[in-house]
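Here is the structure we will look at.
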Amino acid sequence: MKVKYFAWVRERIGVDEEIVEPPPAVATVADLIGWLAARGDGYALAFEKPGVIRAAIDRAHVRAETPIAGAREVAFFPPMTGG
Amino acid sequence: MKVKYFAWVRERIGVDEEIVEPPPAVATVADLIGWLAARGDGYALAFEKPGVIRAAIDRAHVRAETPIAGAREVAFFPPMTGG
Amino acid sequence: MTVPVTIRIQDADFDIAAEITAMTKGRTDIGAVVSFTGLCRGIEGDDTVAALTLEHYPGMAEEEIQRHADEAIRRWPAVTALTIVHRVGRLVPGDNIVLVLTASAHRQAAFAAAEFLMDYLKTNAPFWKREERSGESRWVEAHSRDDAALARWSKD
Amino acid sequence: MTVPVTIRIQDADFDIAAEITAMTKGRTDIGAVVSFTGLCRGIEGDDTVAALTLEHYPGMAEEEIQRHADEAIRRWPAVTALTIVHRVGRLVPGDNIVLVLTASAHRQAAFAAAEFLMDYLKTNAPFWKREERSGESRWVEAHSRDDAALARWSKD
């Protein structure tokens, strides 16, 4: 699946998107955050407070407990500050 | 004192302003309406429903029971419909 | 700081962009501008409106609007600028009638002050509309919904 | 009747008067237009802000705004047109950031829909602001007052 990062999540990880293939045990958004956080220091820093991270699956807001099965594009970002 | 009329009050009376000198017994806005209503058919028609008429003394909204003593300019008009 | 207030009653049309520019130019404390534009409608229920003619009480109209602009600034101290322009004379459908502009650092004060000023203008400012429809000309009656809209501000 | 909705995300500035004209042209059913313009402030508390840079999630931002425009039309069926323009890229104090335009026959629906859309844009639309102040560049934190502003709509 494609994973996209925005704002300081993107800056800490150092890429704006990538293709990842998590193992089947990674079932939810929260699982994916935990799995990504173990990929390196930038990831660990980006996801150090998982509670503040917002996520979207295929461009719709989702919660931490949402399953990622079937997702084509998962995005992670901080709370939004538009308008 | 000067009396001014607006909108359909003005149209029914036929003038937009005039100088009047009501007798001392005409003490309040309501008294003045009653006194003006007796001046002719146009006035009677303009003031046929005194309850809907709004009044201002020296450019500030007032109630029917407000005294007119000292007023330089009294205005009568229907409920406002601006904006 | 004194809040700049612009009030005009005029026959001529107004230019919203120019009014906003005049209000915000050279200022960096404004984060939100709300505008309300009232337009002459050509449809009123099932009827067609050909034109509106607006009459006002010169002098009192300006003073009353000023009083309520002062009141808006008192209620919402975060408001940093106000502009109110009201047209009078004959207007046809699509024409602008009234403009209220409010500015503040954050949006809540600008929205609230604009709504307050419009509710006030509709019911208390000395303006009267005459409407030409179905070949007849008649004075527009005041709406009870406008009195109800105004009443909500007295709870504050 | 389908309510015309215009949504754009762009680097370029917008022209409020042109957007209002595009929305109201040839229509005689519109009696009220509310605009909200969000501007880049140069003052934030005691600090000076030199610039803002806005980032967004292309695709999702447009879809989310469209979803909430649809929701505004469902909540306020009297709304007859909507325009939402959000800028991205680097902006300096005084620059426009966002425009929300709402139209209706009477003012209440236009005001309510504009406030609803702004509360939503502030908290749920995927945009992020980076601020340059005091020689540093940092991401703006979300405000709890914006979450509170949004929460009032869920009581309806």
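The values are calculated or read from the model by the stated rules, or taken from the named source; none is laboratory data. Because the structure is a prediction, the values reported are computed rather than measured. Counting neighbours? That spans all protein chains shown, and the Cβs are built from the backbone with ideal geometry, glycine included.
Worth pointing out:
- Residues within region C:28-56 that are without any contact (Cβ under 8 Å) to a residue 60 or more places away in the chain and either more than 7 Å from chain D (Cβ to nearest Cβ) or assigned to a loop (DSSP other than H, G, I, E, B) (or both), tallied: 6
- Enumeration of residues in region C:95-106 that are touching a helix residue (DSSP H, G or I) at 6+ places or on another chain (Cβ under 9 Å) and modelled with pLDDT under 95: C:H106
- Of residues in region C:6-27 being surrounded by 14 or more Cβ atoms within 10 Å (Cβ to Cβ) and among the polar types (S, T, N, Q), the one farthest from the other protein chains (Cβ to nearest Cβ): C:T6
- Residue check for C:R145: part of a helix (DSSP H, G or I) and either in contact (Cβ under 8 Å) with a residue 60 or more places away in the chain or more than 14 Å from the chain's Cα centre (by Cα) (or both): yes
- Candidate set: region B:37-82, residues that are without any contact (Cβ under 8 Å) to a residue 40 or more places away in the chain and in contact with a Phe, Trp or Tyr (Cβ under 7 Å, 6 or more places away or on another chain); chosen: the one surrounded by the fewest Cβ atoms within 10 Å (Cβ to Cβ): B:A37
- Scanning region D:77-94 for residues that are more than 10 Å from chain C (Cβ to nearest Cβ) and in contact (Cβ under 8 Å) with a residue 40 or more places away in the chain yields a total of 12.
- Selection from region D:128-156 of residues that are more than 8 Å from chain A (Cβ to nearest Cβ) and at pLDDT 90 or above: D:E131, D:E132, D:S137, D:R138
- When region C:126-156 is filtered for residues that are within 17 Å of B:I53 (Cβ to Cβ) and out of contact with any Lys or Arg (no Cβ under 7 Å at 6 or more places or on another chain), the ones remaining, listed by number, are C:P126, C:F127, C:W128, C:E141, C:A142, C:D147.
- Where D:G45 falls short, out of the listed (1) closer than 24 Å to A:P78 by Cβ; (2) under 18 Å from the mean Cα position of the chain (by Cα): (2)
- Residue list for region C:57-110, restricted to those being assigned to a strand (DSSP E or B), surrounded by 22 or more Cβ atoms within 10 Å (Cβ to Cβ) and of a type outside the set (A, V, I, L, M, F, W, C): C:T80, C:T83, C:H86, C:R87, C:T102, C:S104
- Residues being part of a helix (DSSP H, G or I) and in contact with a strand residue (DSSP E or B) (Cβ under 7 Å, 6 or more places away or on another chain) - total across region C:5-21: 3
- Of the set (1) assigned to a loop (DSSP other than H, G, I, E, B); (2) at pLDDT below 90; (3) not β-branched (V, I, T), all apply to D:A125 but (2).
- Residues satisfying the stated conditions in region C:116-134, i.e. buried (at least 24 other Cβ atoms within 10 Å of the Cβ), of a type outside the set (A, V, I, L, M, F, W, C) and in contact with a strand residue (DSSP E or B) (Cβ under 8 Å, 6 or more places away or on another chain): C:P126
- Test: residue in region C:108-116 that is more than 14 Å from B:G83 (Cα to Cα), more than 10 Å from every other protein chain (Cβ to nearest Cβ) and of a type outside the set (A, V, I, L, M, F, W, C): no
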